[in-house]
Amino acid sequence: MPSYDFDLITIGAGSGGVAASRYAASHGARVAICEAGRVGGTCVLRGCVPKKIFMFGAQFADAFADAAGYGWQLPQPTFELSRLTAAKNVETDRLEVIYRKLLADAGVQLLEGHAQLLDPHTVLVNGERLSAQRLLIATGSSPNHPALPGVELAVTSNEMLELTALPPRLLVLGSGYIAAEFAGIYRGFGSAVAMAYRADLPLRGFDADLRRRLATAMADRGVGLHHGFQPQRLERAGGDIICHGADGRQLRADLVLNAMGRSPNTAHMGLEQAGVALQAGSGAVRVDAYSRSSVPSIFAVGDVTDRLNLTPVAIAEGRAFVDSEFGGTPRAIDHQTVASAVFSQPPLASIGLSEERALAQGHRVTVFEADFRPMKNVLARRAERSYMKLVVDAASDKVLGLHMIGADAPEIVQSLAVAVTMGASKRDFDATMAVHPTAAEEFLLMRKPRR
Ligand code: NDP
């Protein structure tokens, strides 16, 4: 048996890599983790956490507007993005220190530098060759730059989280998670925001009823929506950037956000030389259900595998890898029933099948809906409504999909995700006593199917 410097070397100290490394060390493995940038990864430093801080900041606009209906008289509030960005940076710095401490406390050795694979067991970091019985690739993803002349004039979500001055006019290209979230955030801050996307509705893949209602709500909040827009090129014109669409439409802005997807980070690290097969097109590491690559000693988890690009999924894949390889209990992750949320304004969240997907899979479905103006919006004179939907298998009564758009949707769907993951039936929802008065109780009070 050859001797190695480590039992595991992880490349990438983001959510998946850190979770797997710490967990492997807790099994007694000798673990090192390589990181070329800051410790914490996209979620902590450039994604979920700072995005949500910005979202909280943006939501004060609603709170100030609604307060008058509840008797509050406020002076005209003003907003300074530079103050929020500075406060956000203090928080992400604090979290990076915590991440470093978590690794140190777990006995995981942090190697700060770019890692290059030399063979299936060896990496080169800062000029030093280090070997391990197993290598784990957890390098995540970065914003895509589609082949679009002038795309370099656009910024990405990374820069949107570092701005210190509000763009008067922001144009968002794309309508996925990142596009919808930043459009809502910057609209809340006070920018004039437009979102241009090639589909008919934002958020391809989500239930059509949520997509329609999100488009309506965003438009009502003043976001200019340009559907069926295929960007063709960007050009600078004085202080403006003009985005030309394939159909001749021209959209002008001070700042353009390229939110047209993300790509796995697999370049310039010797993966192919080490024999690791990548997916054609995306360049993601090809893995099986146990996160095994085409090379027996090399594994990969998280966005770099382009399976379901969500932080909790990366963490779960990392822990399953450790159970399989260091815990003696082979375990695969079920990517079918995973809840996710879009922190748009209003937010939305889903678990399970959309109505369209359930029908496409051959289910005969019964659909239950609730569409109501939340109590808080009445005195606030806010017209925005909340919407909830259950997609139920007519034959078995099992809840196949649960969807919501409206205030607190991510929190409500997270709690109900337990029931849906356990295979709850509509009868189980009916038999659950409501907590009153809440919005969440509406999921339990849907008596008559809509179709
Ligand atoms: P998404 O895949 O969600 O959206 C990409 C968007 O870009 C879509 O609107 C897509 O259009 C559009 N697009 C892609 N290529 C082109 C092109 N060549 N021309 C025009 N439009 C294009 O990616 P995001 O970057 O928003 O997010 C990446 C991933 O990160 C998400 O899938 C999600 O898993 C994760 N994420 C999760 C968050 C959360 O949990 N809240 C928040 C942010 C990110 P079309 O739909 O027509 O293909």
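The values are calculated or read from the model by the stated rules, or taken from the named source; none is laboratory data. What you see is a predicted model; the values in this text were computed from it and never measured. We place every Cβ from the backbone using ideal geometry, glycine too, and count neighbours over all the protein chains shown. Accessible surface is based on the protein model in full, side chains and every heavy atom, while ligands, DNA and RNA are left aside. Shrake-Rupley method; radii C 1.70, N 1.55, O 1.52, S 1.80 Å.
Brief remarks on what is shown
- Relative to the dominant Cα principal axis of the chain, helix 15-26 is inclined by about 50°.
- Our coupling estimate for the range 296-309, obtained by passing each phi through the Karplus curve with A = 6.51, B = -1.76, C = 1.60 and θ = phi - 60°, is x, 8, 10, 10, 8, 9, x, 4, 5, 9, 6, 9, 9, 7 Hz, Gly and Pro reported as x.
- Rounded accessible area per residue of the range 194-279, 1.4 Å, Å²: 46 Å²
- For the range 47-101, a Kirkwood radius taken over Cα pairs fed into Stokes-Einstein (20 °C, viscosity 1.002 mPa s) yields D = 164 µm²/s.
- Taking amide H positions as modeled 1.01 Å from N, with prolines and chain starts lacking one, the residues under 5 Å from Arg262 and 5 or more places away or on another chain are Asn144.
- Acute angle (nearest 10 degrees) that the helix 81-106 long axis makes with the longest principal axis of the chain, alpha-carbon atoms: 40 degrees
- Positive dipole terminus of the chain, leading residue within Ala320, His27, Ala424 (C-beta point charges): Ala424
- Cβ-placed point charges (K, R +1; D, E -1), dipole of the range 185-225 about Cα centre in debye, nearest 20: 80 debye
- About its Cα centre, the dipole of the chain is roughly 900 debye, where the only charges are +1 on Lys and Arg Cβ and -1 on Asp and Glu Cβ.
- Between the beta carbons of Asp430 and Asp288, assuming R0 = 51 Å, the FRET efficiency works out to 0.80 to the nearest 0.05.
- Each residue of the range 182-308 gets 160 Å³ once the volume of the Cα convex hull is shared out per residue.
- Taken over the chain, lysine pairs spaced eight or more positions apart, or on distinct chains, with alpha carbons under 21 Å apart number 10.
- In degrees, nearest ten, helix 48-67 long axis to first principal axis of the chain (Cα): 10 degrees
- Ellipsoid equivalent to the range 357-425 - semi-axes via the Cα gyration tensor, in Å: 27, 14, 9
- Dipole moment magnitude, nearest 20 debye, the range 63-115 about Cα centre, only Lys, Arg, Asp, Glu C-beta charged: 60 debye
- Amide H within-cut-off set for Val256, under 5 Å, with H built and near neighbours excluded: Val155, Leu171
- At an R0 of 25 angstrom, the distance between the Cβ atoms of Glu80 and Arg38 translates into a FRET efficiency of 0.50.
- Normalised per residue, the volume of the convex hull around the Cα set of the range 329-380 (Å³): 157 Å³
- Amide proton proximity set for Gly224, modelled H, under 5 Å, gap of 5+: Val193, Ala194, Met195
- Largest-first ordering by accessible area, 1.4 Å probe, given options Arg292, Arg307: Arg292, Arg307
- For the range 326-340, the Karplus equation 6.51 cos²θ - 1.76 cosθ + 1.60, evaluated at θ = phi - 60°, returns couplings of 10, x, x, 10, x, 8, 10, 9, 7, 8, 7, 10, 10, 6, 8 Hz by residue, with Gly and Pro reported as x.
- Loop sites in the range 364-426: trypsin sites (Lys or Arg not before Pro), DSSP, at most 14 other Cβ within 10 Å: Arg364, Arg381
- Protection-proxy order for peptides 191-202, 112-123, each taking the mean of Cβ atoms within 10 Å per residue, highest first: 191-202, 112-123
- C-alpha center-to-center spacing [the range 274-346, the range 28-82] in angstrom: 27 Å
- Using the 1.4 Å probe convention, the accessible area of the range 289-427 works out to 43 Å² per residue with neighbouring protein chains retained.
- A simple rule links phi to the HN-Hα coupling: the Karplus curve 6.51 cos²θ - 1.76 cosθ + 1.60 with θ = phi - 60°, which for the range 122-135 gives 10, 10, 10, 10, 6, x, 9, 8, 10, 10, 8, 5, 10, 10 Hz, with x for Gly and Pro.
- As computed over the chain, the Cα convex hull volume per residue (Å³): 173 Å³
- Proximal charge balance of Gly352 [Cβ under 15 Å; K/R count +1, D/E count -1]: -4
- Applying the criteria of a DSSP loop state and at most 13 other Cβ atoms within 10 Å to the GluC sites (Glu not before Pro) of the range 42-97 yields Glu80.
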